[in-house]
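**Q** First the structure, which I've put down as structure tokens, then a few questions once you've had a look.
The values are calculated or read from the model by the stated rules, or taken from the named source; none is laboratory data. From a predicted model like this one, the values you see are computed outputs, not experimental measurements. Don't worry about glycine lacking a Cβ; one is built from the backbone with ideal geometry, like all the others, and counts go over all protein chains shown.
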Amino acid sequence: MEPRYLSVKEVAALTGTNIKTIYRMIQAGELPARRFRRSLRVPRYAVEPRSSESGKGDVSTVGPGSLCRR
């Protein structure tokens, strides 16, 4: 079973985005995140593309401008 939340480092690796950019997106409200103890975690649904947005459904094609917001 895959984790429901990803670390900022994991999100950066999946999207090919710098960690600082991910933190900025969270601060600006562009990317949802929750604090678990001392670390920020991003819900998996916010990073994975929806099937209607991407024909391939490949997470590696997601960039900072195309992250899903809910």
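**Q** Answer yes or no as to whether Leu40 is of a type outside the set (Ser, Thr, Tyr) and in a helix (DSSP H, G or I). Explain how you work it out, then say what you get.
**A** On the way: of a type outside the set (Ser, Thr, Tyr): yes; in a helix (DSSP H, G or I): no.
Taking the combined requirement at face value, the residue does not satisfy it.
**Q** Let me ask something else. Report, by residue number, each residue of segment 1-32 that is part of a loop (DSSP other than H, G, I, E, B), in contact (Cβ under 8 Å) with a residue 24 or more places away in the chain and either under 12 Å from the mean Cα position of the chain (by Cα) or at positive phi (or both).
**A** As a first pass, look at segment 1-32 and keep what is part of a loop (DSSP other than H, G, I, E, B): 1-4, 16-18, 29-32.
After this cut, where a residue has to be in contact (Cβ under 8 Å) with a residue 24 or more places away in the chain as well, the list is 2-4, 16-17, 30-32.
Passing the criteria: Arg4, Gly16, Thr17, Glu30, Leu31, Pro32.
**Q** Give me a count of the residues in segment 31-70 that are loosely packed, with under 15 Cβ neighbours inside 10 Å and at pLDDT 90 or above.
**A** Summing the residues that are loosely packed, with under 15 Cβ neighbours inside 10 Å and at pLDDT 90 or above in segment 31-70 gives 7.
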